[in-house]
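What follows is a short report on a single structure.
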Amino acid sequence: MSFVTRLTLESGDRTVLDSVVDDICDAASRKGAELKGPRSHPPTELRVPLQKSVADADAFGNWEYTVYERTVELVGHDDLARSIADWEFPSSVHVSVEVENVRSQGQRPL
């Protein structure tokens, strides 16, 4: 059985995000791991209305920011995936990890 570990990284700072993704790709290439990605997703534009006070209906306007997302998949290499998931990422980068169990064509379910 093989495992596919999907890392989804999100950040409002594109340069920091790309730096973290490059570090992951470098670690995977040093270990000889099969790596799919990084895949870039369209940036998400978010707007948050800012009020002058809780009681007033007056607003300052909107606070607007962009969130960038990258997805990387590691096939196999469970130890490498586990060590990457334990890294200390910058506070501006949000990381989510999904692990999928992939069976070969001829294997029976457990």
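Please treat every number below as a calculation from the coordinates, not as lab data. Just so it is clear, the structure is predicted and the values come from calculations on it, not from any experiment.
Which value does Rg/Rh take for region 2-102 over its C-alpha atoms, Rh per Kirkwood?
With Rg and the Kirkwood Rh in hand, the quotient comes to 1.16.
From the backbone phi of region 16-33, what are the Karplus-calculated ³J(HN,Hα) couplings (6.51 cos²θ - 1.76 cosθ + 1.60, θ = phi - 60°) in whole Hz, Gly and Pro given as x?
Running phi through 6.51 cos²θ - 1.76 cosθ + 1.60 with θ = phi - 60° gives 5, 4, 5, 5, 5, 5, 4, 4, 5, 5, 5, 4, 5, 5, 5, 8, x, 7 Hz.
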